[in-house]
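Here's the structure, in structure tokens; my notes come after.
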Amino acid sequence: MGTDTKSYQSLAKSGITSVLRHDLPASLVVFLVAVPLSLGIAVASGAPLAAGLIAAVVGGLVAGSLGGSAVQVSGPAAGLSLVVAEVVTTYGWRATCMITLMAGALQLLLGLFRVARAALAVSPAVVHGMLAGVGVVIALSQLHVVLGGSPQRSAIGNLIELPQQIIHNHSHAVFVGLLTIAVLVGWTRLPQRLRIVPAPLAALFVASATAGALGWDVTRVDLSQSLSEWATPIWPGGDWHGIVGAVLLVALLAGVESLLSSVATDKLHDGKRSDLDRELTAQGVANMVTGALGGLPIAGVIVRSTTNVRAGARSRWSTVMHGLWILVFAVCLGWTITLIPMEALAALLVFIGVQMVNLGHLRNLRGHGEIPIYVATMAGVVLVGLAEGVLFGFGLAMLSALRRLTWITVRAKPEPDGRWHVLIGGSLTFLGVPRLTSELRAVPAGAAVELDLNIDFMDNAAFEAIHTWRHDHERGGGTVDIDEIHDEWYAMAASGARMFPAKTPPRAPERWWLPWAHRRRGRPAPASSLVPAQHPPPEGSPAVHSPAEGSPAVPDLLAGAREFHRRTAPLVRPFLLAMARKQDPSHLFITCADSRVVPNLITASGPGDLFTVRNIGNLVPRLGAAPPDDSVAAAIEYATGALNIQTITVCGHSGCGAMATLLSGYEKATELPALSRWLHHGNHSLARFIAAESDGFDDGPLDRLCRVNVIQQLENLRTYPQVDRLVRAGRLQLVGLYFDIGTAQVHVLEQPPLTASPL
């Protein structure tokens, strides 16, 4: 009992230390970011300024303590400002608070029914297009305030009136706005030690101080009027259809934005993944509380969440404490808000609106052909309205998905030997039958045909079309040899097997590259020897025995070896026989010992191609580095001196445990002294990571370190004189690869700068 008590006390002390060391500083940084953004979003929403601070406090204290994400920060979101502004205009502020409360109750109900993951079915192109449209509308409306005027009722109206507003602008207001934007833009170029203060806070401070010192004629924030507008919620009056629509719109938009933000935030840290149902439930409770207190609707905000993670937050205490600091600020220092010019807040909103049009999202969507959905959603939000734009984008996404599901590829061409090669790919449904039959008619009667089916679905109409054509062609004297590359849809349908409801046929052929756990069905009976009976071991060779009789299952390794003897050995025996006395690889392949990285699989190579070195972290110790380690150096020396290899490849991978240990300061290796000594060879990679900037990916610090580590090992290779001499002579090439395990994609890393292109 005494030992358990000491362990508990030690664990509690460690937790408190972590909160004070990591979460407390992070909460202060997020607090400094959240205050100006909350005020600006309140202005854009047409709500009292106090409503923004109330929402920020509730988002920190309520959503932060109850939520399913450890580091997500909730509060008033710019993406909701348009719908809130429209609701305020239609029903008034107090009724808007009641709509927020009811939207929170709906979110709570949806979370309890565990439907949160359904929100992830919304196309990211629609979400990003919606946010971009909201950003354009915010920027256009607040630009008029920066110029000393008033925004119009629509984005088109703001655009039409903008030339006149520029001609008749108020110079002092323009100076304040331009100064605010200049500070926001220039702040990122300052040295790191000066950027401790967040850019939004610095911009508002500089603008307020300059306007006060020079006596500029600007409009000050009137917090007294904002506080006088605070009151309890009232039931909205008007058509109940519109009220229900407003509740649904607020609940769904806030919920989807929160859940997508949770998923995005998970990519930025290595801690526990988000519980989305719990997160949605917490968002519902928080919106009920903020609605009852007269605050803006709440959602998870990616900007504040990213700031929280980058500031070093480890737990939800950072989010909770940031809400507490906002509460203390509002109660004790709220008078300082009256010093802020409204034009400065408007300029901050213009800057935020422009940032919401993220070109990085366009690059991600381009490869999937979803840019039209993004553009259509953004245009709909700007030209028509938020709800209409989202519905239009969602409809276009559904049509695009339907088109892709029904799109097939049919290619029929003659080969030099007179045979015809026909390739059919995609999802074969009745919608593709007309094109399918048209292409198949191009094959001349009596020809020998090789038909490759690379399909993931086939309905009865498509099967009948292919089957009928095959029989007709064979009756005409031709031959049809069908090879199903993906799954045996045609063979299953021809045999009369049941195809529905399973989309994938129940008996898929075994694949050698599948992990043992995925191939484990029934185990073969134990054999007396690892080598099959028809190939007995040579006389005098050591015996290899099977497990003791009565063991529950044959070990995977031995079962795999039997499968190799039965299936693969006859295929590779001729090649191995030819290279039995000598190897002649062309590549030295240095990669991690991680079990998920299979060099021959990801490079489609075979026996004799790769001279492979595997170690923890795919590290290449510098020549003469301490602690000394000759294992990698020996492989490099032998490969370049004896094997005359042409390429040395260093291959890292996502989620590398060695890199995670480096990031944690060796906390994960305290009881593993040999591992700690080995990982000291990665310190150069860690230093390079700290000094380097973003490499264009959006997958968090761990995976960025994994890529930086590959580049550093390529430089370490140049410390070996033989390698450096061969590289300079053009006889040896150094290549960096990065294997993204989650997407099964291999990237080529270039040095420098650190960039990547998918193979």
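The values are calculated or read from the model by the stated rules, or taken from the named source; none is laboratory data. Worth saying up front: this structure is predicted, and the values here are computed from it rather than measured. Note that we place each Cβ from the backbone using ideal geometry, even for glycine, and neighbour counts take in every protein chain shown. To get the accessible areas, we keep the full protein, side chains included, count just its heavy atoms, and leave off ligands, DNA and RNA. Shrake-Rupley method; radii C 1.70, N 1.55, O 1.52, S 1.80 Å.
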Q: Consider all pairwise Cα distances in the stretch 75-227 and report the whole-number % of them above 27 Å.
A: 43
Q: At 1.4 Å probe size, with every protein chain present, just tell me what the per residue accessible area of the stretch 1-151 comes to in Å².
A: 37
Q: Can you bin the stretch 250-291 into rounded, prolate or oblate? Criterion: square roots of the alpha carbon gyration tensor eigenvalues sorted a ≥ b ≥ c, rounded for a/c under 1.5, prolate for a/b above b/c, oblate for the rest.
A: prolate
Q.
Need one word for the stretch 640-718: rounded, prolate or oblate. Basis is the Cα gyration tensor (sqrt eigenvalues a ≥ b ≥ c); a/c below 1.5 gives rounded, then a/b vs b/c decides.
A. oblate
Q) Accessible area per residue of the stretch 299-443 at 1.4 Å probe, in Å²? A) 51
**Q.** Exposure of K267 as accessible area (Å², to 10), given a probe of 1.4 Å and all protein chains
**A.** 120
Q: On the full set of protein chains, 1.4 Å probe, figure out the accessible area of T377 and give it in Å² to the nearest 10.
A: 0
Q: With the full set of protein chains in place, find how many percent of the accessible area of the stretch 43-144 is carbon and sulfur; take the probe as 1.4 Å.
A: 70
Q: Tally up the carbon and sulfur contribution to the accessible surface of the stretch 553-703 as a whole percent, 1.4 Å probe, everything protein left in place.
A: 57
Q. To the nearest 0.05, what FRET efficiency results for H680 and D584 with a Förster distance of 30 Å applied to their C-beta separation?
A. 0.25
Q) Counting only residues 5 or more places away or on other chains, whose amide H sits under 5 Å from the amide H of T612 once H atoms are built in the peptide plane? A) F589
(Q) Could you tell me the center-to-center distance, by alpha carbons, between the stretch 313-349 and the stretch 73-105 in angstrom? (A) 20
**Q.** Loop-located chymotrypsin sites (Phe, Trp or Tyr not before Pro) in the stretch 397-452 whose Cβ has at most 14 other Cβ within 10 Å (DSSP)
**A.** W407
**Q.** Neighbour-limited loop hits for GluC sites (Glu not before Pro), the stretch 631-674 (at most 14 other Cβ within 10 Å; DSSP other than H, G, I, E, B)
**A.** E671
Q: Could you look at the stretch 304-398 and say what percent of its accessible area is carbon and sulfur, using a 1.4 Å probe and all protein chains?
A: 71
**Q.** C-alpha center-to-center spacing [the stretch 275-301, the stretch 628-706] in angstrom
**A.** 42
(Q) Using only the heavy atoms of the protein chains and a 1.4 Å probe, how would F175, F351, F575, F739 rank by accessible area, largest first? (A) F575, F175, F351, F739
Q. If the chain between L577 and Q745 were fully stretched, how many nm would it gain, using 0.36 nm times the residue separation less the Cα-Cα distance?
A. 57.2 nm
Q: Could you order I424, I166 by accessible surface area, starting with the largest, using a probe radius of 1.4 Å?
A: I166, I424
Q) Rounded if a/c is under 1.5, else prolate if a/b beats b/c, else oblate: with a ≥ b ≥ c from the C-alpha gyration tensor eigenvalues square-rooted, which is the stretch 673-752? A) oblate
Q) For I196 and H168, what is the calculated FRET efficiency with R₀ set at 35 Å and r taken between the beta-carbons, to the nearest 0.05? A) 0.30
**Q.** Using a Förster distance of 22 Å, the FRET efficiency for T479-R435 (Cβ separation, nearest 0.05)
**A.** 0.40
